[in-house]
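The values are calculated or read from the model by the stated rules, or taken from the named source; none is laboratory data. Just so you know, these numbers come straight off a predicted model, no measurement behind them. Glycine gets a Cβ as well: all are built from the backbone with ideal geometry, and neighbour counts include every protein chain shown.
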Number of protein chains: 2
Amino acid sequence: MINITLPDGAVRQYEKGSTALDVAKSISEGLARKVLAATINGQVWDASRPINEDASLKLLTWSDADGKNTFWHSSAHLMAEAVESLFPGVKFWVGPPVDNGFYYDMDLGDKKITEEDLRTLEKKMNELAKKNNSFIRQEISKPEAIQYFYKKGDEYKLDLLSGLHDGEITLYTQGNFTDLCRGPHIPATGLIKAIKLTNIAGAYWKGDEKNKMLTRVYGVTFPSQKELDEHLQMLEEAKKRDHRKLGKELGIYTMDDDVGQGLIMWMPNGTVVIEELEKLAKETESAAGYKRVVTPHIAKESMYITSGPLPYYADSMYPPMELEGEKYYLKSMNCPHHHKIYAAEPKSYRDLPYRIAEYGTVYRYEQSGELFGLMRVRCLHMNDAHIYCTKEQFNDEFRAVNDMYLKYFKIFGIDKYVMRLSLHSKEKLGIKYVNEPELWVETEEMVRNVLKESNIPFVEVQDEAAFYGPKIDVQIYSVIGREFTLATNQVDFSQGRSFKLKYTRQDNTEDTPLIIHRAPLGTHERFIGFLLEQYAGKFPLWLAPVQVKVLPISDKFLDYAKTVSQKLKKADIRAEVDDRNEKIGKKIRDTELLKVPYMLVVGEKEMNEDKVAVRKQGKGDAGVKSLDEFLSDVVAEIKDRRSE
Amino acid sequence: MINITLPDGAVRQYEKGSTALDVAKSISEGLARKVLAATINGQVWDASRPINEDASLKLLTWSDADGKNTFWHSSAHLMAEAVESLFPGVKFWVGPPVDNGFYYDMDLGDKKITEEDLRTLEKKMNELAKKNNSFIRQEISKPEAIQYFYKKGDEYKLDLLSGLHDGEITLYTQGNFTDLCRGPHIPATGLIKAIKLTNIAGAYWKGDEKNKMLTRVYGVTFPSQKELDEHLQMLEEAKKRDHRKLGKELGIYTMDDDVGQGLIMWMPNGTVVIEELEKLAKETESAAGYKRVVTPHIAKESMYITSGPLPYYADSMYPPMELEGEKYYLKSMNCPHHHKIYAAEPKSYRDLPYRIAEYGTVYRYEQSGELFGLMRVRCLHMNDAHIYCTKEQFNDEFRAVNDMYLKYFKIFGIDKYVMRLSLHSKEKLGIKYVNEPELWVETEEMVRNVLKESNIPFVEVQDEAAFYGPKIDVQIYSVIGREFTLATNQVDFSQGRSFKLKYTRQDNTEDTPLIIHRAPLGTHERFIGFLLEQYAGKFPLWLAPVQVKVLPISDKFLDYAKTVSQKLKKADIRAEVDDRNEKIGKKIRDTELLKVPYMLVVGEKEMNEDKVAVRKQGKGDAGVKSLDEFLSDVVAEIKDRRSE
């Protein structure tokens, strides 16, 4: 018998050679039907692989990232089986799971695969899935494996084998298809209920353009048709909400070859959004006792050697500028400049917590192939701040930071979010983590407690902390369910020491402050990209580049339209007049396209009675109001930063 | 007889060989007594030098920059005469006029000059000045000159002579002193009525540290004792108002070796001033129809080749960063990025004037020796904007820019200012200036007219325009009379074409817009440096980092003090409580030092009656007021951005 420890700490006994599926069945048949894989002592395994020793076990289903990955990896094998049955002689390279599905790279000889082929393949895959063939794992020696693929004439798998050693080589077979594969896989093909092959692309073998171009087929699969339908609908919606498309249509941002890749230029409409976000941040931070600073975008090499990124992360920075025998770098973070401001004047306990904020612009080198719209860029405007505090002040300060996140989530209608608390690993103290065992335990416990107190959903991840303290990655989900990494919060024992930051305690002794790094609104680039998707470009009134458009029915009412617009502008409302000589219908349609929240149609009646006929974006006629009533309504809507 | 044309166009006849002094005397003896030099056909001449041909003539007095320079140059000679009489054997290198006075570099052998020597020299100079010796000009051949200085054993002047040619060598003699000198000089030493030698420094011969160190003596002189007294008083006052001293005391800015020279870090108090200035600029620009943009701080080499600074001004930029085979530069100007934003969307006449503004941060390389506090830095936050307009719109647009300057001058109490209008030179069309003779004349006339219409004091300078159009340099003077270069306005025919900027006219043809470059508030760095001097650190309420400090008479009234402060903060007033356990006298003294505009002293009586005892910075007790009354007073004072 072996002892199996479950995630809740319960220990159960099973026959030696039992599988994760056996364990699941012993709990409930319903659960067993959902099991895709398992982690055994922290490693992902086939749910059908015999366990021969005491182990801790966690069952993985569709709701676990590793469960999904296994499912999609097996789906790649299923696709390969279908491809081989339809196009005999095909040779396969690799077929991994990716963010939203899987792909397989294949050599189809002269055959060019078409969209029609994809539909045929889907049918074949469905047929093979229904057979519910098991995925069978087989350990094999290197010579046997070489013999097998040599016979098959498969030079690609032979190439893969050349890098593997005896004892780490396995084959996986389902139905008539056998592949060299590390695994793990789902128990059987029948779990795959819904299939969509999404895309055909070319991919150089090993990513090297000197090599042969292989065919890459992408797909996505689900355990039910309902989930596939929802996914396809989400993709459809995401396409409409594509921040690159909306960013161009709405005049939010532009890029230019002479400026450089990944360097966003914010157009007037985008700058309005930036300024409203900064206004929100400044108000919020000012009320929370932050002061503001402004620092340059460059510093000498010595600064980044002290703070850490050099020489280790030189690759993610722009290369240096050499001047008067010194190397200057574009800053990739604001922290060191802020530490210097902390250090510029002596501090006592009376000055702490010292909170300094800056919408700092940092530069990071991302490979050109990685750049993507506003999501992956090389210049980032960061909602940055650093809080220098005593250990006793930490709890309140960190709690306040979390509250700030929640306040923002509410304003932007972010209902779904999760915080990933990354912890240290005892074994790696002094190597990967600063060697302060007690401080680690203490701080992690402090952070955990605050997260619990704040009722914030969070998951804990071992061995992923920063060098100098635990960190929290904040993931948010847009209304259509797409995940965005918003920001990272860090607690820092270490930089205070590297920069020799001090404060005088009440008893006149000196101590080093703790530092909290935080950026609740992330970067303008990523956050505005998120907001474009979140709102489908229909910014709420307070964020809208143009808030009100006044549409005179004809030129006869242009003067009145201008009077209305002037009055709105005086109340700091971003108003414009559509003074084109166009029919009112066209004016309305064009303004709808620009996603302006309010249209005021004005004609004879409105002019004579000092009124406006209000239309709301996407909702049509909202009745006739006196100008004063409309004005006080929108002023209130803006002041409260209402979403609706 | 020769014809002399005076600045007002009048032509008078004089005997051949008459001097500028003769001309002055023929107008009035009083005028002649003030004449220091003259410009003859645009060249500065001795007032006592015979004129042998028809010429245009302008008399130069103390109020002309060239008059002052001549006066100080002659004062350097007077000092040299005094030095030679006291320290025979001294050898002289060069002795030019500078911004505020003059210096002479000299080789005194082993003699170290002392402060006491300066006083003795001043006495000697006064004595020599009273002799009223004429400055006598003598043209001399190169061999004669060599012989003269060879006899004198003066290797320095012989070195100077080696670079000169026959026909351009002159000696000037006053009293017992003769110098190799291009001139010109004032008529006689008696004009120098007040003398102050200010400073002794070392200076390597020819600025090369491998050469001998010479002694440099600085001095300043005036045509009357009153002017010298005023000057010394101004220097004394300037010392108290030194922006570097105040910048540190008031927590405005800091610098750090690890960041780099000339790179300002703005501390919390300085950032308040920055944000208030930006708020003012944004309000003003928004009301004037500007839109805002945000652009990155780098761009590729190709951008700066198109816009002009590369390769010609590479020395004034930071060196490039080489990435993926491309050179990236820190931007030294915002224009090209703005042009790219203009070009990002097609424009028609309906979109013009298109005005885009950005407090853009630019980087310029200044030699370390040139760096000076906030005045000469390497990172500048510029109140930048570009106006793209048609030729027909130019007048109104340029007029509006001037009005904006005047509006700002009023807000900041700048009573004295002057604009230098730099014009092209016909001869250099196609070489130094874009070859558009008609556009030049037309635009210069447009600019001149607007300046006249706006009643702005301006001077015209020939042959100093930018390549692509006339420019205006704006000089302002602080309350203590020091001159600051604030900003440059430029009118630009050329960059629109280089960047292929277009707009569609009403008749569907395409045209290139005119561009106005403007920055009325200059850079944060220089402007805040100016404001520190202008206000002696006592910022007006709206700009003050801390606006109100509440001082409880004892801890008993701390809660009331906090209530008062909270109420002020709610009204967006920057208020703080002095919660230290100190005597009220000390609290008041310390707050005065921080130059906080208002102090509210609160004790028993104030607490019971919901009142505050108001003290105004530098003015003491301002009476007891109800908190509400005080609040509404300061809100109004801030809103109006009052200076007093």
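Within region B:499-526, track down each residue that is basic (Lys, Arg), touching a helix residue (DSSP H, G or I) at 6+ places or on another chain (Cβ under 6 Å) and crowded, with 16+ Cβ neighbours inside 10 Å. If you could, list the steps in order and put the result at the bottom.
Of all residues in region B:499-526, those basic (Lys, Arg) come to B:500, B:502, B:505, B:518, B:526.
Among the residues that remain, those that are also touching a helix residue (DSSP H, G or I) at 6+ places or on another chain (Cβ under 6 Å) are: B:505, B:518.
Passing the criteria: only B:Arg518.
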- line: Within region B:345-395, restricting to residues that are touching a residue at least 40 places away in the same chain (Cβ under 8 Å), of a type in the set (Lys, Arg) and over 21 Å from B:Ile274 (Cβ atoms), the one that is farthest from the other protein chains (Cβ to nearest Cβ) is B:Lys391
statement: Filtering strands (runs of 3 or more DSSP E) wholly in region A:144-247 for at least 3 residues that are of a type in the set (Val, Ile, Thr) gives A:194-204, A:213-222
- line: Inside region A:528-553, the number of residues satisfying the requirement of being touching a helix residue (DSSP H, G or I) at 6+ places or on another chain (Cβ under 7 Å) and either farther than 30 Å from A:Glu236 by Cβ or assigned to a helix (DSSP H, G or I) (or both) is 12
statement: A:Met267 vs (1) hydrophobic (A, V, I, L, M, F, W, C); (2) closer than 30 Å to A:Leu118 by Cβ; (3) at pLDDT 95 or above: all pass except (2)
- line: region A:295-398: strands (runs of 3 or more DSSP E) wholly inside it with 3 or more residues that are in contact with a helix residue (DSSP H, G or I) (Cβ under 9 Å, 6 or more places away or on another chain), assigned by TED's automatic domain parsing to the domain that holds A:Pro520 and at pLDDT 95 or above are A:354-363, A:379-389
- line: When region A:308-341 is checked residue by residue, the ones that are crowded, with 22+ Cβ neighbours inside 10 Å, over 25 Å from the mean Cα position of the chain (by Cα) and more than 8 Å from chain B (Cβ to nearest Cβ) are A:Tyr329, A:His338, A:His339
- prompt: What number of residues in region B:47-58 are assigned to a strand (DSSP E or B) and farther than 8 Å from B:Ala20 by Cβ?
  reply: 3
task: Could you tell me whether region B:182-189 includes any residue that is surrounded by 13 or more Cβ atoms within 10 Å (Cβ to Cβ) and free of Cβ contacts under 8 Å to residues at least 40 places away in the same chain?
output: no
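So which of B:Arg355, B:Arg376 is over 21 Å from the mean Cα position of the chain (by Cα), of a type in the set (Lys, Arg) and surrounded by fewer than 23 Cβ atoms within 10 Å (Cβ to Cβ)? Can you show your working first?
Values: B:Arg376 fails: over 21 Å from the mean Cα position of the chain (by Cα).
One residue alone meets the criteria, B:Arg355.
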- prompt: Limited to region B:617-641, what total is found for residues that are outside any helix (DSSP H, G or I) and either at positive phi or surrounded by 13 or more Cβ atoms within 10 Å (Cβ to Cβ) (or both)?
  reply: 9
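Looking at A:Lys586, A:Lys595, A:Lys556, can you tell me which residue is assigned to a helix (DSSP H, G or I), of a type in the set (D, E, K, R) and within 26 Å of A:Ile252 (Cα to Cα)?
Details: A:Lys595 fails: assigned to a helix (DSSP H, G or I); A:Lys556 fails: within 26 Å of A:Ile252 (Cα to Cα).
That would be A:Lys586, the only listed residue that is assigned to a helix (DSSP H, G or I), of a type in the set (D, E, K, R) and within 26 Å of A:Ile252 (Cα to Cα).
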query: From the residues in region A:283-305 that are touching a Ser or Thr at 6+ places or on another chain (Cβ under 9 Å) and more than 7 Å from every other protein chain (Cβ to nearest Cβ), which one is surrounded by the fewest Cβ atoms within 10 Å (Cβ to Cβ)?
result: A:Tyr290
- request: Looking only at region A:248-269, decide whether some residue is aromatic (Phe, Trp, Tyr) and facing another protein chain (nearest Cβ under 8 Å).
  value: yes
message: Given the criteria outside the structural domain of B:Thr221 (by TED's automatic domain parsing), of a type outside the set (A, V, I, L, M, F, W, C) and within 33 Å of the chain's Cα centre (by Cα), does B:Pro7 qualify?
response: yes
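Return the residues of region B:213-240 that are under 23 Å from B:Glu81 (Cβ atoms) and either of a type in the set (A, V, I, L, M) or touching a helix residue (DSSP H, G or I) at 6+ places or on another chain (Cβ under 7 Å) (or both); say none if nothing qualifies. Walk me through it before giving the result.
First, the residues of region B:213-240 that are under 23 Å from B:Glu81 (Cβ atoms): B:214-225, B:227-228, B:231.
Hits for region B:213-240 are B:Leu214, B:Val217, B:Gly219, B:Val220, B:Thr221, B:Phe222, B:Pro223, B:Leu228.
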- request: Could you tell me which of the residues B:Thr120, B:Thr61, B:Thr114 is out of contact with any strand residue (DSSP E or B) (no Cβ under 6 Å at 6 or more places or on another chain), under 20 Å from B:Thr19 (Cβ atoms) and not basic (Lys, Arg)?
  value: B:Thr61
- prompt: Consider B:Leu280 against the criteria (1) more than 7 Å from every other protein chain (Cβ to nearest Cβ); (2) under 29 Å from A:Tyr365 (Cβ atoms): it satisfies all of them except one. Which criterion is unmet?
  reply: (2)
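Tell me yes or no: at least one residue of region B:586-597 is among the aliphatic types (A, V, I, L, M), in contact with a helix residue (DSSP H, G or I) (Cβ under 7 Å, 6 or more places away or on another chain) and either under 30 Å from B:Leu531 (Cβ atoms) or surrounded by 19 or more Cβ atoms within 10 Å (Cβ to Cβ) (or both). Walk me through it before giving the result.
Going residue by residue through region B:586-597, those that are among the aliphatic types (A, V, I, L, M) are B:588, B:593-594, B:596.
Checking which are in contact with a helix residue (DSSP H, G or I) (Cβ under 7 Å, 6 or more places away or on another chain) leaves us with none.
Within region B:586-597, none of the residues are among the aliphatic types (A, V, I, L, M), in contact with a helix residue (DSSP H, G or I) (Cβ under 7 Å, 6 or more places away or on another chain) and either under 30 Å from B:Leu531 (Cβ atoms) or surrounded by 19 or more Cβ atoms within 10 Å (Cβ to Cβ) (or both).
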- line: Of the listed residues (A:Gly529, A:Gly481, A:Gly496), the one being buried (at least 17 other Cβ atoms within 10 Å of the Cβ) and at pLDDT below 95 is A:Gly496
- prompt: Does region A:547-554 include one or more residues that are surrounded by 20 or more Cβ atoms within 10 Å (Cβ to Cβ), modelled with pLDDT of 95 or more and either among the basic types (Lys, Arg) or within 25 Å of A:Ile472 (Cβ to Cβ) (or both)?
  reply: yes
query: Is region B:586-595 home to any residue that is among the β-branched types (Val, Ile, Thr), closer than 28 Å to B:Val273 by Cβ and in contact with a Leu (Cβ under 6 Å, 6 or more places away or on another chain)?
result: no
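Among the residues of region A:220-233, are any under 25 Å from A:Leu108 (Cβ atoms), touching a residue at least 12 places away in the same chain (Cβ under 8 Å) and either outside the structural domain of A:Tyr477 (by TED's automatic domain parsing) or surrounded by 14 or more Cβ atoms within 10 Å (Cβ to Cβ) (or both)? Can you show your working first?
Residues of region A:220-233 that are under 25 Å from A:Leu108 (Cβ atoms), as a first pass: A:220-221.
So of that shortlist, the ones also touching a residue at least 12 places away in the same chain (Cβ under 8 Å) come out as A:220-221.
Remaining after also requiring either outside the structural domain of A:Tyr477 (by TED's automatic domain parsing) or surrounded by 14 or more Cβ atoms within 10 Å (Cβ to Cβ) (or both): A:220-221.
Yes, the conditions are met somewhere in region A:220-233.
Looking at this structure, is B:Asn449 in the same structural domain as B:Ala281 (by TED's automatic domain parsing), of a type in the set (S, T, N, Q), on the phi > 0 side of the Ramachandran plot and over 23 Å from the mean Cα position of the chain (by Cα)? First the steps, then the outcome.
On the way: in the same structural domain as B:Ala281 (by TED's automatic domain parsing): yes; of a type in the set (S, T, N, Q): yes; on the phi > 0 side of the Ramachandran plot: no; over 23 Å from the mean Cα position of the chain (by Cα): yes.
Considered against the rule, which asks whether it is in the same structural domain as B:Ala281 (by TED's automatic domain parsing), of a type in the set (S, T, N, Q), on the phi > 0 side of the Ramachandran plot and over 23 Å from the mean Cα position of the chain (by Cα), B:Asn449 comes out as no.
Please pick out the residue among A:Lys124, A:Lys130, A:Lys142 that is exposed (fewer than 15 other Cβ atoms within 10 Å of the Cβ) and either modelled with pLDDT of 95 or more or among the basic types (Lys, Arg) (or both). Steps first, please.
On the way: A:Lys124 fails: exposed (fewer than 15 other Cβ atoms within 10 Å of the Cβ); A:Lys142 fails: exposed (fewer than 15 other Cβ atoms within 10 Å of the Cβ).
After applying the criteria, what remains is A:Lys130.
If you check B:Gly247, B:Gly260, which single one turns out to be touching a helix residue (DSSP H, G or I) at 6+ places or on another chain (Cβ under 9 Å), on the phi > 0 side of the Ramachandran plot and at pLDDT 95 or above?
Details: B:Gly247 fails: on the phi > 0 side of the Ramachandran plot.
Going through B:Gly247, B:Gly260 in turn, the sole match is B:Gly260.
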